[in-house]
RNA sequence: GCGGAUGUGGCGUAAUUGGUAGCCGCACCAGACUUAGGAUCUGGCGCCGUGAGGCGUGGGGGUUCGAGUCCCUCCAUCCGCACCA
């Protein structure tokens, strides 16, 4: 064989490797293990493009390198084969997603095998295979049967929780559980029904059913996890997502928030991806502070009960009876003045008053009414304090205008105090009591009781806020609740109700996206309610606003406009007071510019620094019982249900509304057949279509399936033991392989796969099934390979240009251009001969000429009008001019273009495009080489281009180029198959590595691939003579040759060890170049070089290895060690600089003492010249580096 | 706005971590061999300058005998997060 025939060589060895199971991994425990894994690919219909193999090649290099270094390497590949695209395709075509998936996988495997990866295909897994998802379901069951014990700080089997419930109820349990978990005693637990117990346990399980606001995507017909939503639209497909309250399976990942955060420190991951996870977990340390609601909305002065009094009073009252009403609705002093009137009125009621009183007294309407009760300065007829409802019965006097005015003010005031006032006339009560009572009943019904709404200190309700800056609490001038906050409807005063409700309505209906896009605008509504700042005892208004998110913290914030930007904007907008609390902010236009410093205006915190003040304030709050230290996480529990077919069925059935796990022996719960991959008519998920699909033929199965990330959250474990039918992974194998040593994949999984995998891994670890707390020890995120699009520039034929062109002919004939009679513009007019020429496109002339003519007749009577089409001008301008000439000379002429003209399909080369009006069009990059267009191929590319013509530069058509995402629509996708076809897999592998650092994003540009291909041919020639005969010498190597080899070994090995994949390629090139220069064909040099290169170029090295006489695969060769002794030098060519500037080089023996070096350097001619007669101040000699002479 | 990363010839990049900036490859230029070249080989190739030399690692400043590398500052690009309390 003379030439390097890569196609034959590569096919030959790929076959050999497969037939001889060269890459099969055995559990050989005498060797150290090394587990190198690629991120699970989803087999999409588009197949691989050159960007995908980048990471696979790097991991393959490592796998091969580690094998040669004596490691037992696990390097598997498989497919994350459940997912939306195959199902979308199924919906459109009716083809079962399993078929689509199988086809896609087949294609992927062909492409992968074509590149010569050393995967152990015997370990391949597919998540959609029942033999695999059996264990996904099994793990789901483990999660269902687990709870998170915060005392032990780990997950435990639910049995331990039940045992505790039976012993002590849940009073002493510290667990990750739902917010609304009630407390109960052991006694109560024992008396709970099965359903009640199930409901309680669901609040603790690591996977649970709950009503939660989820991301509902109507277009996909399913809910999505938070990480699947980007900027308010679905990550896949970009469909809108809305908030919807649904009962869904959830994963209690929040239980692990702290450990997921802390253990990041133990991982060798890039800082950026750790940061992404930290952000997502979103830990913030601060405090929760309780704000009591005021008993009444306070007006200034007025003698109302002061805030501090009210708190004391409330505390006293609360000690006695938890729900005692605050019936004293005026001050004692006022009551002194009013009580006589009140008593009088009671004794002498009007007839109407009496009738009504008899009807409503004694809780006749289920609520207690008081009559002639004093409220502030007024005595009202009847009042129901629980509902804050006042009923007035008006006599004749109320018809007078003055009295009506007074009533109005009185009502307003009472409204202001939070009371509803309804009025009846005497006659209404006397004549139609039924109707009156009916109305009262209705109002009572529609008004929440204070027992429920807890307005003010009358019941023990508080608003809790979360803050990281409790030190600024003296600067709190308002509270803001999220519109969705549960207290909003309860605390809103009647007068504010319409406005508040309208705002809430609007906020809830607005999509996430809308709310996000209006970040900068300020909006909000006052609720009418007030709270007491527990530090200052001052009342502060309670507002609601969009900028407070229901899902974060407590859904309420304390507004500190002097140190928070959003609060500042809010306060400015609504004119709320701003109290500076940090020294130096008093006179600032915007006090939030300075956020840290000494406290001012802050009572006992004055003078403290931010951190000290935070500590002291928390301490104070805890001591006084209205606050506590609190750590908050942004991380939410993950929605685990999908209303989809193509996913793992959830191994759960329902009996009387209680979810039960199916028996473990019934696993796997296999996906049933269904007729259509759509929801049922009643809106149930597709699985609702399965016929007779019931557990044990009786019980309904869960109809949701698991999300795409379920199967990929544990797959690395399955590779350790992929065919085990008894366990998801055997203990021994798990103990041996432990976790992934090197994980290579994209950074885009930072908040999804990489977080869920860590979560499941930790659960399995806590439950004792596996031995590593983290799944992926080291990770490298390969940069995306971007597409490099090429463009051609199609010449546009516009009227403006046609006009210009025609003008060249017509102006010399005496035409004027752009004549403006009336509101028209005529293209060309010959005034003397009364001829007008109009340019329009061919189609417009055809369709509209009559309209034009009538217009011309209006402005230019008795003028000859003729039309010239744009098409005509560019294809046959002479003909057009001829027609015009005829018209001028009075001959008979043709008014319209005689023929239909077709414009040439003209493209102009990149650097000439500025002289034309052009549009840039994507051209298939496969038709372009080094930005030069293959014109023939271009004409054949699409039928409409067959007649394409070109304006060339220097005989070539140069394309423009731009870096974009690699995608079909941009015609910039490069298929690795094509590259392999043309240059071979080894060249592709080398080139992808050579392109630059693995982590970097870079455009794919085939331009440089020649270089790596040439390198391989050069390597080939080292082993062959000029005639192409294999020719390797057994001669002893020279010192120079050994030096080249060992230098290469050293550099390549060091580079691979630090995962620098591009630099070894250069080193190999240098090595081969140098050996070529020396005409070295010695076996003792070339043989180790092959082993060194084999991880990068496995095919050519395998071929040459066998040509050298080996009968075993190069994969079993040992990696060469480098020997320092071959790199020893006796002299060094020192760079000599004078004052830091390089002036010359001097070869100096390395064993020479520094003083001698100095002498040699200073006596050097060139150094002398630069010294300019001065003496050297200092000579710095860095051995084997540099000499610097300082003058 | 906050956080992270990056910035070096026409292009992809390299620089043993403070010691000769531009290795290797592409493109380009010149030449050789050839009927031919999308083969192969040789030489050149940061910028200015005929030259000596000067200038050069996004800009400015600093530390140092010496800075692409360390410090300060500004700018640009990319990525992530974002009313997160």
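Every number in this text was worked out from the coordinates using simple rules, so none of it is lab data. Just so it is clear, the structure is predicted and the values come from calculations on it, not from any experiment. Neighbour counts are summed over all protein chains in view; Cβ atoms, including those assigned to glycine, are modelled from backbone coordinates with ideal geometry.
A few points about this structure:
- Share antiparallel - DSSP beta bridges, chain A, percent rounded to 5: 75
- Using the rule -39500 (n - 2.57) for each DSSP H run of four or more residues, divided by the residues of chain A, the 222 nm mean residue ellipticity is -11000 deg cm²/dmol.
- The calculated FRET efficiency for the pair residue A:501 and residue A:664, based on their C-beta separation and a Förster distance of 51 Å, comes to about 0.50.
- Potential lengthening between residue A:15 and residue A:131 on full extension [0.36 nm per residue; Cα-Cα distance subtracted]: 38.9 nm
- Label-point separation in nm, residue A:265 to residue A:731, each point 7 Å along Cα→Cβ: 3.2
- Inter-site label distance for residue A:1038 and residue A:852 at 7 Å from Cα along Cβ, in nm: 8.3
- Extension reserve of the residue A:859-residue A:911 stretch, reckoned as 0.36 nm per residue once the Cα distance is removed: 14.2 nm
- Each peptide in A:1024-1034, A:83-93, A:260-270, A:472-482 was scored by the mean count of other Cβ atoms within 10 Å over its residues; highest first, the order is A:472-482, A:83-93, A:260-270, A:1024-1034.
- Ordering of A:1092-1100, A:285-293 by packing [mean C-beta count within 10 Å, highest first]: A:1092-1100, A:285-293
- Computing FRET efficiency as 1/(1 + (r/R0)^6) for residue A:1174 and residue A:1130, where r is the C-beta to C-beta distance and R0 is 41 Å, gives about 0.75.
- Label point distance in nm, residue A:919-residue A:891, each placed 7 Å from Cα along Cα→Cβ: 3.9
- Each Cα pair under 8 Å and six or more residues apart adds its sequence gap; the mean of these over the residue count of region A:798-902 is a relative contact order of 24 percent.
- For chain A, the longest principal axis of the C-alpha atoms and the axis of helix A:307-320 are separated by about 80°.
- Virtual paramagnetic centre 7 Å along Cα→Cβ of residue A:978, amide N under 17 Å, in region A:47-85: A:47-53
- Relative contact order (%) - region A:992-1070, alpha-carbon pairs under 8 angstrom, separation at least six: 45
- For the pair residue A:235 and residue A:109, the difference between a 0.36 nm per residue extended length and the Cα-Cα distance amounts to 42.7 nm.
- Ordering of A:536-546, A:652-662 by packing is A:536-546, A:652-662, highest average first (other Cβ atoms within 10 Å, averaged per residue).
- In degrees, nearest ten, helix A:130-144 long axis to first principal axis of chain A (Cα): 40
- For chain A, the longest principal axis of the Cα atoms and the long axis of helix A:497-509 meet at an angle of about 20 degrees.
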